[in-house]
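Below: the structure, in structure tokens.
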């Protein structure tokens with residue numbers, strides 16, 4: 001494994017660890033996460049990643065671009081990508097150094113030892129046409145017409161469901 005650096009236009013330098021197969025992970029990405037992502041990349045298994053603060057374990061509650069198959073970019077620095085589905089030709093870069101939980105199906109492959117979510121609650125909404133809202137730490141995130149939709153959303157965000 002060798003360390004390579006990329007200098008951005010801003011002057012910031014990002015250091016990567018290049019595996020023997022050419023895949024490059026951020027130098028701060030723990031070895032166990034690298035192993036899980038590489039196995040998922042090779043097997044083609046769909047995963048869901050939860051990004052967050054890797055010191056506190058607090059989940060950022062990202063809703064989009066968190067489910068897919070692990071692919072790899074082209075070029076000199078081949079970073080892991082999250083490819084939405086088999087028909088997709090490309091995807092966004094995985095923030096591999098910010099992962100606090102990885103799930104495949106209903107199995108947890110990795111979870112930060114202090115993984116935690118904000119207080120999530122379904123509440124009444126005062127927005128016309130939207131009877132229920134979902135709050136994260138008592139701050140409104142989204143509104144829904146029905147309570148069932150709000151509850152499905154909460155289950156998805158907690159990782160109990162694989163779709164909204």
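The values are calculated or read from the model by the stated rules, or taken from the named source; none is laboratory data. As the structure is a computational prediction, the values presented were derived from the model and not from experiment. Note that we place each Cβ from the backbone using ideal geometry, even for glycine, and neighbour counts take in every protein chain shown.
Within the range 59-79, the residues that satisfy the criterion of being more than 12 Å from the chain's Cα centre (by Cα) and surrounded by 15 or more Cβ atoms within 10 Å (Cβ to Cβ) are 71, 72, 73, 77, 78, 79. Check whether at least one residue in the range 83-102 is in contact (Cβ under 8 Å) with a residue 24 or more places away in the chain, farther than 19 Å from residue 64 by Cβ, assigned by TED's automatic domain parsing to the domain that holds residue 35 and part of a strand (DSSP E or B), and report yes or no. No - not one qualifying residue is present in the range 83-102. Between 126, 113, which is assigned to a strand (DSSP E or B) and surrounded by fewer than 13 Cβ atoms within 10 Å (Cβ to Cβ)? After ruling out the rest, the residue left standing is 126. If you go through the range 28-44 and pick out every residue that is surrounded by fewer than 19 Cβ atoms within 10 Å (Cβ to Cβ), part of a loop (DSSP other than H, G, I, E, B) and in contact (Cβ under 8 Å) with a residue 60 or more places away in the chain, you end up with 1. In this structure, is residue 62 within 22 Å of residue 163 (Cβ to Cβ) and free of Cβ contacts under 8 Å to residues at least 60 places away in the same chain? For residue 62, the condition - within 22 Å of residue 163 (Cβ to Cβ) and free of Cβ contacts under 8 Å to residues at least 60 places away in the same chain - is met. Only one entry of 124, 141 meets the criterion of being modelled with pLDDT of 95 or more and farther than 28 Å from residue 68 by Cα, and that entry is 124.
The residue that is modelled with the lowest pLDDT, counting only those in the range 84-96 that are over 24 Å from residue 8 (Cα atoms) and surrounded by 13 or more Cβ atoms within 10 Å (Cβ to Cβ), is 88. When 141, 149 are screened for being under 25 Å from residue 55 (Cα atoms), touching a strand residue (DSSP E or B) at 6+ places or on another chain (Cβ under 8 Å), not assigned by TED's automatic domain parsing to the domain that holds residue 58 and not in a loop (DSSP other than H, G, I, E, B), only 141 passes.
Checking each residue in the range 49-75 for being farther than 11 Å from residue 94 by Cα and part of a strand (DSSP E or B) picks out 52, 58, 59.
Rundown of residues vs (1) farther than 20 Å from residue 108 by Cβ; (2) at pLDDT 95 or above; (3) in contact with a helix residue (DSSP H, G or I) (Cβ under 6 Å, 6 or more places away or on another chain), yes/no style:
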{"site": "8", "(1), (2), (3)": "yes, no, no"}
{"site": "22", "(1), (2), (3)": "yes, no, no"}
{"site": "27", "(1), (2), (3)": "yes, yes, no"}
{"site": "31", "(1), (2), (3)": "no, yes, no"}
{"site": "36", "(1), (2), (3)": "no, yes, no"}
{"site": "49", "(1), (2), (3)": "no, yes, no"}
{"site": "53", "(1), (2), (3)": "no, yes, no"}
{"site": "56", "(1), (2), (3)": "no, yes, no"}
